[in-house]
Each structure stands twice: as structure tokens, then as C-alpha cells.
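The values are calculated or read from the model by the stated rules, or taken from the named source; none is laboratory data. What you see is a predicted model; the values in this text were computed from it and never measured. All Cβ positions, even for glycine, are placed from backbone atoms using ideal geometry, and neighbour counts span all protein chains on display. Side chains are part of the model used for accessible areas, which takes the heavy atoms of the whole protein and leaves out ligands, DNA and RNA. Shrake-Rupley method; radii C 1.70, N 1.55, O 1.52, S 1.80 Å.
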Amino acid sequence: MRLVLFGAPGSGKGTQAAVLKADLGIPHISTGDLLRAEIKAESELGKKAKAIMDAGQLLSDDIMLGIIEDRLSQPDAKPGFILDGYPRNLAQAAALDEVLARIGQPLDVVIKLEVPNEAIVDRCVVRFEKEHRPDDNPETVKKRLAIYADQTAPVAEFYAKRGKLKVVDGVGELADVTARIKAALNDAVAASA
Ligand code: AMP
């Protein structure tokens, strides 16, 4: 199963991916986590990424493509993967299509988690207090939501046109949202059979 979990920052992609990866036996590939690991390791990439991430901005498409190609070429991604945080704009969506076409492993489905902005802001406040992610402070969250609306949201249409998009209500108990995602995955598998 090759799937993208799509949605605004704070929509629950990471939380759901952590549950799904165990169930599906495929890795959770979060570009945000990969970048945070680079920051922790104080690598050159991490140093460059930190200021951009703390400001709630996006890293360049070239850098992100390098990261994603490298990660997808690792053996654990052979049976499939759950992508979280990529693609984040139309250029990245087109680049991902190309990379996956080259290796003959097209996406099966894109699950969009829908959560209203007010709930997102509340969730990020809670996460800020718990995890102290600099980009979860309320001002930066507003900026990230604006970038999401402007650059990332159109990616849903890109996949809808290709018949790959499933929209799932992301509000509610964790287990209920997981059940909705699994139902959507089953639908997608049945439709492609
Ligand atoms: P996330 O954990 O997915 O919310 O990502 C945290 C931050 O990492 C984002 O606000 C961006 O600064 C950066 N980032 C993660 N994925 C991407 C991407 N696909 N393109 C550009 N920047 C990204």
C-alpha cells in the first residue's frame, strides 16, 4: 500500500500514521520528522532547515525532492509507505508522481484528513505545550495555515482529478478517525481490484 496522508498542520496525520504503520506493516515517512532529525544531528541541512521551519515557511522543492527520493529508495519502503508532509505544493506532487512512475510504484490513494481551522489551532496549542515545537506557537501556526491554504490545499484537487483522493473527517476520537481511514483504504483497494 502506497499512501499519502494529507491535511493541514495539526490535522492528525502523524498520530494516525503511527497507528496505521503498525497495522499495515509499512514505514511512516514524515518529511517534518526527517528534518527535525537533521536539526537534532546539527547537520548542514539541519542548520539550513531550522530557521525556515521555525518561521513556518517551506523548504525549497529541490531540497525536499532529494530527501524524499533518498528515503523512498531505502529497502523498508519497497512494500509500501505512508507519506506525511509531502507533497506540500503542486510542484512537489508532480515531482512525486515522476519519481514513483520511474520506479513503477504509483500511489494507491491519498487520504485527506479534514479538520476545521479552529480545532487545528486548539490542537497546536496543546502540542506546543507538550512538545515545545517552535513552529506550533499560535502566530506561526496562523502562518502555516495560510501557506497550507495557498500552496498545499490545491494538491487535493490534483489527486481528485486522478481519482486518488479520499476525504475523511478528522474530528473525533483517535480510534474513530483510524476506523474511517481504514474504511477509505478498503474502498480504494476494492475500487482498484
Ligand atoms: P510538518 O512536521 O510536516 O508540519 O513539517 C514541519 C516543517 O518542515 C514545515 O512547516 C516546513 O518548514 C518543513 N517541511 C516539511 N515537509 C516539507 C515539504 N514537503 N516541503 C517544504 N517544507 C517542508
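Values for this structure:
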{"quantity": "Region 145-154, subset in contact (Cβ under 8 Å) with a residue 12 or more places away in the chain and not aliphatic (A, V, I, L, M), residue surrounded by the most Cβ atoms within 10 Å (Cβ to Cβ)", "calculated": "Thr152"}
{"quantity": "Candidate set from region 68-81 (those that are open to solvent by 30 Å² or more (accessible area, probe 1.4 Å) and assigned to a helix (DSSP H, G or I)); member that is farthest from Gly32 (Cα to Cα)", "calculated": "Pro75"}
{"quantity": "Selection count, region 56-82, where residues are of a type outside the set (Asp, Glu), within 21 Å of Lys13 (Cα to Cα) and over 17 Å from the mean Cα position of the chain (by Cα)", "calculated": "1"}
{"quantity": "Among (1) free of Cβ contacts under 8 Å to residues at least 60 places away in the same chain; (2) under 23 Å from Thr15 (Cα atoms); (3) surrounded by 15 or more Cβ atoms within 10 Å (Cβ to Cβ), the one test that Gly46 misses", "calculated": "(2)"}
{"quantity": "Looking only at region 26-37, and only at residues there that are of a type outside the set (S, T, N, Q) and near the ligand (Cβ under 10 Å from one of its atoms), the one that is nearest to Thr152 (Cα to Cα)", "calculated": "Gly32"}
{"quantity": "Lone qualifier among Leu107, Leu113, Leu96 - being open to solvent by less than 80 Å² (accessible area, probe 1.4 Å), more than 14 Å from the ligand (Cβ to nearest atom) and hydrophobic (A, V, I, L, M, F, W, C)", "calculated": "Leu107"}
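To keep it simple, each residue is scored yes or no on (1) assigned to a strand (DSSP E or B); (2) within 16 Å of the chain's Cα centre (by Cα); (3) among the small types (Gly, Ala, Ser); (4) crowded, with 19+ Cβ neighbours inside 10 Å.
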position	(1), (2), (3), (4)
Lys130	no, no, no, no
Thr140	no, no, no, yes
Lys143	no, no, no, no
Ala156	no, yes, yes, no
Asp176	no, no, no, no
Ala179	no, no, yes, no
Ala183	no, no, yes, no
Asp187	no, no, no, no
